[in-house]
Structures are given as structure tokens and as C-alpha cells.
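Here's the structure, in C-alpha cells; my notes come after.
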Amino acid sequence: GQNIDQPTEMTATEGAIVQINCTYQTSGFNGLFWYQQHAGEAPTFLSYNVLDGLEEKGRFSSFLSRSKGYSYLLLKELQMKDSASYLCAVRAYQTGANNLFFGTGTRLTVIP
Amino acid sequence: KAGVTQTPRYLIKTRGQQVTLSCSPISGHRSVSWYQQTPGQGLQFLFEYFSETQRNKGNFPGRFSGRQFSNSRSEMNVSTLELGDSALYLCASSLDRGTGVSYEQYFGPGTRLTVT
């Protein structure tokens, strides 16, 4: 099976930097995704890592270490609109197909 | 390009009934996955369809089933509804070409099912 862990809740200040961690254990690892989900809305894609290292996309960066089963999402220059749940999802190639397994999400609250 | 659409958006059913939910993927996307989202369990994978075939299935009882049509539109069905089936059901499509290469999934707005 899959075991994906991320903190349940985090709070950070507008303009600051926050790092959301995700650890996983899975067989057939084939990539890690981060999604953002605002309350009452569908998840939207933020980033994708399949090789070790840092992927930067504007204010958001994502890091992956496959050997450690670890990833983090870094949000810079936080804005109030960044208050949302952030979902870590691991893609695993098992039984002849790719499947996406989600963590329970980290609810980030940005305060003024 | 239109996004993933799901119908209906909201649904109220009573225990024992059955329900069918529909999903239209982004044009050109052949992979459609279904997820159940509840506050306690988060997003849980139900099944994935690719080219009209169920390619993988999560750990849900047989009351949950689905299918995919030749135009990639997909439906999922839940029979003999239970109170615990109340959830947001999300459909996601991707450009997956079946080569094992990963592509991001694009989610629809979901169907909020309430079972009373």
C-alpha cells in the first residue's frame, strides 16, 4: 500500500515563506504532484517532480528526494489567497497502470 | 479549451437508492479517474478508465462501478446507497497516452452527493 504523510494544519503570515512537507512510502514510484484546493473547489495542479531536486514555478517551488521518500512545497511571498489545502499526491506504477494516491492535505491559513 | 465537466453538481438520495454520476473529460484526454473526497479520509481513488477499459481500481466495494464510452466520457454508479457514501465525487482527466509517462490530472468541480 501507500503511506503519505503531511501536516494537518499550518499558519503563516502574509509576505512570509512557508514550507509544507510530505513523506511517502510506496512501491513503483513514478512521480509526485502537489495540488492546491480552495474550500468548496476542485484541486488544481501546482507542480510535478519525478527526479530529485528543486522545481521552481513563480512563487511556488517543489523539492523531491526519492531516496528519502520526501518532498516539500515552498510558498514565497505569501498572499491571503494562498489560504487553501495543499495536497501531496504520489503516482505509483502498480499492476500495469499508474495510479495517484493522495495525502489528507495540509490546510494553510495565511494571516495578515 | 473547456475543462472537465461533471453532472449533476449536487444530488440528494436516500439510503438504498442508486445513483449515476457523469464526467466529460477535456477534449483529447483519454484517461478518466474517479475519486471520493470526505473530510475524514481525504481524496481516495475509486477507479481509472482508459480507452473504455477499467485500468485500475481502488479499494471500494463492488457497489461502486463505472464505465467509459468511446468519446471518453465516463459514468460512475453507486448502488444500494449508504449514509457513508455522502461525499464529494471528483472526476479527473489526463493526457495519459498509456505509455507509463505521468501527466498531471485536471479535476472537474465534483458532484456533492448527500445520502439521507
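The values are calculated or read from the model by the stated rules, or taken from the named source; none is laboratory data. All of these numbers come straight from a predicted model, not from anything done at the bench. As a convention, Cβ positions derive from the backbone with ideal geometry for all residues, glycine included, and neighbour counts pool all protein chains shown. For the accessible areas, the whole protein counts, side chains as well, though only heavy atoms, and no ligand, DNA or RNA atoms are used. Shrake-Rupley method; radii C 1.70, N 1.55, O 1.52, S 1.80 Å.
Here are the numbers:
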item: Residue that is out of contact with any helix residue (DSSP H, G or I) (no Cβ under 6 Å at 6 or more places or on another chain) and in a strand (DSSP E or B), where the choices are B:Ile12, B:Ile26; result: B:Ile12
item: Given (1) within 21 Å of B:Leu46 (Cα to Cα); (2) in contact with a strand residue (DSSP E or B) (Cβ under 8 Å, 6 or more places away or on another chain); (3) of a type outside the set (S, T, N, Q); (4) without any contact (Cβ under 8 Å) to a residue 24 or more places away in the chain, index of the condition A:Val50 fails; result: (1)
item: In region A:25-35, the residues that are within 12 Å of A:Leu87 (Cα to Cα) and facing chain B (nearest Cβ under 7 Å); result: A:Phe33
item: Residue count for region B:97-116, restricted to those that are more than 17 Å from B:Arg55 (Cβ to Cβ), more than 9 Å from chain A (Cβ to nearest Cβ) and modelled with pLDDT under 95; result: 0
item: Output for region A:77-87, where each listed residue is free of Cβ contacts under 8 Å to residues at least 60 places away in the same chain, crowded, with 16+ Cβ neighbours inside 10 Å and over 10 Å from the mean Cα position of the chain (by Cα); result: A:Asp82, A:Ser83, A:Ala84
item: Boolean, A:Glu55 is open to solvent by 40 Å² or more (accessible area, probe 1.4 Å), touching a strand residue (DSSP E or B) at 6+ places or on another chain (Cβ under 6 Å) and at pLDDT below 95; result: yes
item: Segments classed as strands (runs of 3 or more DSSP E), wholly inside region A:36-112, with at least 2 members that are aliphatic (A, V, I, L, M) and away from chain B (no Cβ under 14 Å); result: A:70-75, A:106-111
item: Answer residue from region B:46-62, given it is open to solvent by 20 Å² or more (accessible area, probe 1.4 Å) and among the aromatic types (Phe, Trp, Tyr) and is nearest to the other protein chains (Cβ to nearest Cβ) among those; result: B:Phe50
item: Filter result for the condition that a residue is of a type outside the set (A, V, I, L, M), free of Cβ contacts under 8 Å to residues at least 60 places away in the same chain and touching a Gly at 6+ places or on another chain (Cβ under 6 Å), over B:Phe60, B:Phe64, B:Phe47; result: B:Phe47
item: Residue among B:Gly62, B:Gly40 that alone is in a loop (DSSP other than H, G, I, E, B) and closer than 30 Å to A:Glu9 by Cα; result: B:Gly40
item: Residue within region A:7-21 that is within 26 Å of B:Phe47 (Cβ to Cβ) and either in contact with a Lys or Arg (Cβ under 8 Å, 6 or more places away or on another chain) or crowded, with 18+ Cβ neighbours inside 10 Å (or both) present; result: no
item: Filter result (outside any loop (DSSP other than H, G, I, E, B) and polar (S, T, N, Q)) within region A:2-24; result: A:Asn3, A:Thr11, A:Thr13, A:Gln19, A:Asn21, A:Thr23
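Conditions (1) hydroxyl-bearing (Ser, Thr, Tyr); (2) open to solvent by less than 30 Å² (accessible area, probe 1.4 Å); (3) on the phi > 0 side of the Ramachandran plot; (4) within 14 Å of chain A (Cβ to nearest Cβ), marked per residue:
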{"site": "B:Trp34", "(1), (2), (3), (4)": "no, yes, no, yes"}
{"site": "B:Gly40", "(1), (2), (3), (4)": "no, no, no, yes"}
{"site": "B:Phe64", "(1), (2), (3), (4)": "no, yes, no, no"}
{"site": "B:Thr80", "(1), (2), (3), (4)": "yes, no, yes, no"}
